[in-house]
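Right, one structure below, let's go through it.
The values are calculated or read from the model by the stated rules, or taken from the named source; none is laboratory data. Being a predicted model, the structure only gives us computed values, none of them experimental. Accessible surface is based on the protein model in full, side chains and every heavy atom, while ligands, DNA and RNA are left aside. Shrake-Rupley method; radii C 1.70, N 1.55, O 1.52, S 1.80 Å.
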Amino acid sequence: MEQNIISAEEIIAEAFTDGEYIAPAAISHSDITAAIERWILPITGQALLAAIETGLYQDFATQYLRPAIAAFTRLEVQPRLNVATGQLGLSLPRTSYNKVADESMRHELMTALKRRAYSLRRRMSRYLDANAASMPEYNPKKNILKRCCCDGGIVQVH
């Protein structure tokens, strides 16, 4: 994949809706690419993503694909945003007016982010299945969710 289907700025606008400022530099091209490779490509396939990169299926990309990519990119980068790394190693960001969230709060956030991302991915997959005839680059038989999924903590193999 030469370029990403969504920019860091678009990911921030879509997935970081809790009012905090996130610098676009906090999300790299490789963060987005990794989220696409791990969470999106096994559903869409490379041919469909390549077609979208050329400008095809922009309604699908805007309404279904980009929200899913944004959610999974946030899911991937959130743990890194929760801490600070530097030459001296790993530390928790703290100021005189700001307290670091405890472990239960961080766990609650990650659980909510995971649920949102999985729901958006399932929604995207349903759209692809319903519109497969008009998107010849999509092969429903290669969609990983057709063979294996985890819903409600239960792994289902089809």
Open item on the list: Any residue that is open to solvent by 50 Å² or more (accessible area, probe 1.4 Å), in a loop (DSSP other than H, G, I, E, B), at pLDDT 95 or above and of a type in the set (A, V, I, L, M, F, W, C) - is there at least one of those in region 44-54?
Closed with: no
Open item on the list: On the basis of being open to solvent by 70 Å² or more (accessible area, probe 1.4 Å) and within 17 Å of N131 (Cα to Cα), does T62 make the cut?
Closed with: yes
Open item on the list: Suppose we keep only residues that are at pLDDT 80 or above and not in a helix (DSSP H, G or I) within region 117-158. Which one would you say is most open to solvent (accessible area, probe 1.4 Å)?
Closed with: P136
Task: Hits in region 63-103 - residues which are over 19 Å from D31 (Cα atoms), part of a helix (DSSP H, G or I) and at pLDDT below 95 - done: E103
- [ ] Scan region 1-25 for residues that are in a helix (DSSP H, G or I) and open to solvent by less than 30 Å² (accessible area, probe 1.4 Å) and report the count.
- [x] 4
